[in-house]
Amino acid sequence: MKNNKLKSYILLFVLSIVSFSCEQYLEESPDDRLVLDSVDKAAKLIANSYSQGGIAFTDMYTDLAGPLGVPNADGVVLDAGGNTIRLQDLQTYTWDNVTAIFQDTPTYFWNQTYQAIAHTNEVLAVIDNLEGDPEKRNAIKGEALISRAYNHFMLVNMFGMHYNNNASTNLGVPYITEPETEFLPTYTRNTVAEVYDFVEKDLLDGLALISDKFFSGTKKYHFTKKAAQAFASRFYLWKRDYENCIKYSNLFIDDNPAIYVKNGADFSISGFNAIAIQYANPEELSNALVIQKTSNYQRSNFGFRLNGNDVIALFTNPLSIGDVRNNPFSSPDDEVTVFPKLFEYFFRENLSSNSGLPYHISVEFKGEEVLLNRAEAYLLSGNQNAALADINQLAVKRYNGTEYTDIAAIQSFYNASTPADGILELILHERKKEFWDHGLRWFDIKRHNRSVTHVLPVSEGGQTLTLTENDLRKAVQIPEDAIALGLTPNPR
């Protein structure tokens, strides 16, 4: 459980606030630690409570990834279309245990996210006793509580089965609320229901305290009030508490949904990099929270992705018209087709170094998700008209002013048994397109008990594999180190 080793020395990581150089870090004395004796120091530490482990790689678990190569005349895919397939890619695509521990793996996400949680606990342990502006102190406490809630929420949804009638017995993750005071402490896994209960308490307590007053710039790299409301919208949808999902979605949207949906012009800027930079632009109103993620996933020449035929199928729609999001990019060297959402930045260790870490800016919450959350909550609460109205707030900006009005056509397109089922499929389809390269499609598949079929190219074995509706592998296996230190593994 590498996060335990990291968290045991959590205060040492605070040194990164004032020094990013690996050499400078190694020169520091192990006992030269930041003492949290002011609200300003607490604010600096809580800024590090956002996990740098990304979830975009989970797209390879889903139907947003395929064998890549173009099928031959017999419909057989012979190779990966020019992409490099690493062991971690093959393990992810086949829902096997991923043994790699580096970025874009479950273990990296686990370690980085528990490290972020450790930052929140260091702050929460002392914040009430720090001298300073009480309003600012409460705002920092609110941000810490919400960040702790969000990090645990994504962990439990990655490494546990989805919240359902078995949540009180299904294995979740350890919910950690205290700083570590001993080396390699012993933890046990809370149930999924217990984690959700802890998340809800931290989320609501944080919402009562958080304030945007003390953030500078765009504020979008922190849990602002809007970002916290977007988190609450997601939390209650995934918990199937549709009344509260609608409540917090309403607070976010504030009767003005149009401003929280990206305009078509955002998808038609000239050049891949320009589109990608604009997509994650914190100045964009629809982007509620953006977080830096250490990742190679933006390098689309690795792993399983979509080819051109897959993308055509993805953007086919009941309206039978063009979709402004269908502006994918194909590398001339391979057959992979990606949407320009992830721009690669590179952090160099120092000005003269050629080594460092690649990263991208993840749009963690956006207005389109909140709108689609509310649409789904309306639909599953029996308000079909309100659901369709929300879908059309998105549609007019994705289909050049066209709205969905023919419910029978929607039902027929998705071969649904009822009109409501057809609208649900439409919502999930729109979410699939909106969340491509966000990593959220995996959680929709878990929430709705969908199966996924993956075909391996002949060069990688050629098998056809299926993840069934209630497959236990939907709870991603916890890291080997965590198991070795006593945590119960997920059943298989």
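The values are calculated or read from the model by the stated rules, or taken from the named source; none is laboratory data. Everything numeric here is computed off the predicted structure, so don't read it as measured data. Positions of Cβ are backbone-derived with ideal geometry, glycine not excepted, and every protein chain shown enters the neighbour counts. Note: accessible area is taken over every heavy atom of the protein model, side chains too, but ligands, DNA and RNA are not part of it. Shrake-Rupley method; radii C 1.70, N 1.55, O 1.52, S 1.80 Å.
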* Structure fact -> Only one of Leu372, Leu426, Leu379 is within 25 Å of Pro282 (Cβ to Cβ) and of a type in the set (A, V, I, L, M, F, W, C), namely Leu372
* Per-region count, the range 456-490, residues open to solvent by less than 30 Å² (accessible area, probe 1.4 Å) and at positive phi -> 0
* Could you check, for the range 114-125, whether at least one of its residues is assigned to a helix (DSSP H, G or I), crowded, with 17+ Cβ neighbours inside 10 Å and touching a strand residue (DSSP E or B) at 6+ places or on another chain (Cβ under 7 Å)? => no
* Has the range 163-171 got any residue that is modelled with pLDDT of 95 or more, open to solvent by 50 Å² or more (accessible area, probe 1.4 Å) and not polar (S, T, N, Q)? -> yes
* To do: Residue by residue through the range 362-380, note down the ones that are under 13 Å from Gln229 (Cβ atoms) and open to solvent by 10 Å² or more (accessible area, probe 1.4 Å).
  => Arg374
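The rows are residues; the columns are (1) under 16 Å from Ala482 (Cα atoms); (2) without any contact (Cβ under 8 Å) to a residue 12 or more places away in the chain; (3) open to solvent by less than 50 Å² (accessible area, probe 1.4 Å).
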position	(1), (2), (3)
Glu131	no, no, no
Arg148	no, no, yes
Asn151	no, no, yes
Met158	yes, no, yes
* Asked: On the given criteria, is Asp333 assigned to a helix (DSSP H, G or I) and at pLDDT below 95?
  -> no
* Unique residue being in a helix (DSSP H, G or I) and crowded, with 16+ Cβ neighbours inside 10 Å when the list is His429, His438 -> His429
* What is the number of the single condition among (1) of a type in the set (A, V, I, L, M, F, W, C); (2) touching a Gly at 6+ places or on another chain (Cβ under 6 Å); (3) free of Cβ contacts under 8 Å to residues at least 24 places away in the same chain that Val324 does not meet? -> (3)
* Structure fact -> In the range 154-183, anything more than 12 Å from Phe198 (Cβ to Cβ) and in a helix (DSSP H, G or I) is listed as Met154, Asn157, Met158, Phe159
* Asked: Taking the condition within 21 Å of the chain's Cα centre (by Cα), open to solvent by less than 40 Å² (accessible area, probe 1.4 Å) and either more than 17 Å from Trp436 (Cα to Cα) or charged (D, E, K, R) (or both), does Arg325 pass?
  -> yes
* To do: Please go through the range 354-394 and pick out each residue that is over 15 Å from Asp421 (Cβ atoms), hydrophobic (A, V, I, L, M, F, W, C) and more than 23 Å from the chain's Cα centre (by Cα).
  => Ala386, Ala389
* Select from the range 293-306 the residues that are surrounded by fewer than 23 Cβ atoms within 10 Å (Cβ to Cβ) and not in a loop (DSSP other than H, G, I, E, B) and write down the one among them that is modelled with the highest pLDDT. => Thr294
